[in-house]
Amino acid sequence: MTDKLTFGFIYDFRNPPDWPRPPEQLYAETLDVIVETERLGFGGAWMPEHHLAADDYLPSPMVALAALAARTKTMTIGTGIVLAPLYDPVRFAEDCAVLDIIANGRLEMGLAIGYRRKEYDAFGLDFTKRGKRFDEFLQIVRALWAGETVNFEGEHYTVRNARITPLSSRGQIHLNIGGFAPKAVERAAIYGDGYFGNPEFADIYTAKWAELGKDPDMAGMMIPGLFNAVARDPEAAFEELAPYYHYMNEAYSVFMREDEAIGIDDAVIGTAMDLDAFKASGIFQVWTPEEAIEKFRAMRAKMPLRHYAMSMPPGLSLERFLHYAGQFASDVIPAFR
């Protein structure tokens, strides 16, 4: 595992009705913000994916990444996460190869299967078979990035004489496999270069990684800290930021309460509550820089944490977001260089 811990943000491009902006403005300003976080010293920017969202949650992360690849120079960019079974594996492998060329080798892709049945319905796919579809997808993509001419016939994909040209100089692109169940964590160890998920699955992930005979120093984890912030005055920051994180919690709760969505036993994204209840719940936490450094060091002692991805909460003004990002950059990041 690398000695350096890096930090970044997940940008979902939501456009909440309480704080609306024209979509062109929202996208342009968010890309500007990401460029500024690179200047501040953050090491990652991550694009998620959802469909059929009332608040315009980003549905096309690959397109957004192309714009970001052209505007950034040093930070790692990628997805966190995309719904891989919704993609054609050959087209996905080609798009990623071109993205990695534009980004000069800075691309990392986070992949998972998702939990919303209606997204699969919209693409005409069987929600119940998404795990098997994902496994086939990963086999095909890995072989293509290895420079092979691929012939594959499975239950879900048929590929004949496929080959990727051009490939970026490194060929294989780093894959972080996400999920919140033991099967997903095992898939991350088998097919992935890292695990994107919750700290409580660290032991399952590292055990499976070791069982496969992989180098333990390479078993990297990327943890999403969606409801964490850092501020020199945590009480004031909590009051300012809570409405935006409350909105995000409610929006994810809507996803989880859909008909036939797969529930996740996690209070962060599974429970609807008003603002006062949200504030009292402990879901959203604002740490001092000193507390944050202590928590990240403790996490590093327990698991192979390589990157911690926070969120840009929907609706928060760009100026206020950069205010808090700047405090994190100056007070926390130097402790992990």
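Readers should treat all values here as calculations from the given coordinates under stated rules, not as data from a laboratory. All values derive from a computational prediction rather than experimental measurement. Don't worry about glycine lacking a Cβ; one is built from the backbone with ideal geometry, like all the others, and counts go over all protein chains shown.
Filter region 165-178 down to residues that are free of Cβ contacts under 8 Å to residues at least 40 places away in the same chain and assigned to a strand (DSSP E or B), then give me how many there are.
Selection size over region 165-178: 0.
Of everything in region 179-235, what is part of a loop (DSSP other than H, G, I, E, B) and either in contact with a His (Cβ under 9 Å, 6 or more places away or on another chain) or closer than 21 Å to residue 10 by Cα (or both)? Give them in sequence order.
Those that are part of a loop (DSSP other than H, G, I, E, B) and either in contact with a His (Cβ under 9 Å, 6 or more places away or on another chain) or closer than 21 Å to residue 10 by Cα (or both): 179, 180, 192, 193, 197, 198, 226, 227, 231.
Any residue in region 19-40 that is under 19 Å from residue 61 (Cβ atoms) sitting within a Cβ distance under 7 Å of a residue that is loosely packed, with under 13 Cβ neighbours inside 10 Å and not basic (Lys, Arg)? List the pairs, counting only those 6 or more apart or interchain.
38/74
Please specify each residue of region 158-186 satisfying the condition of being closer than 22 Å to residue 44 by Cβ and surrounded by 17 or more Cβ atoms within 10 Å (Cβ to Cβ).
Listed by number, the residues that qualify are 168, 173, 174, 175, 176, 177, 178, 179, 180, 184, 185.
Could you tell me how many of the residues in region 277-303 are at negative phi and part of a loop (DSSP other than H, G, I, E, B)?
Of all residues in region 277-303, those at negative phi come to 277-281, 283-303.
Filter again for part of a loop (DSSP other than H, G, I, E, B), leaving 283-284, 288, 303.
So the answer is 4.
Name the single residue that is farthest from the chain's Cα centre (by Cα) among those in region 8-58 being surrounded by fewer than 21 Cβ atoms within 10 Å (Cβ to Cβ) and basic (Lys, Arg).
21
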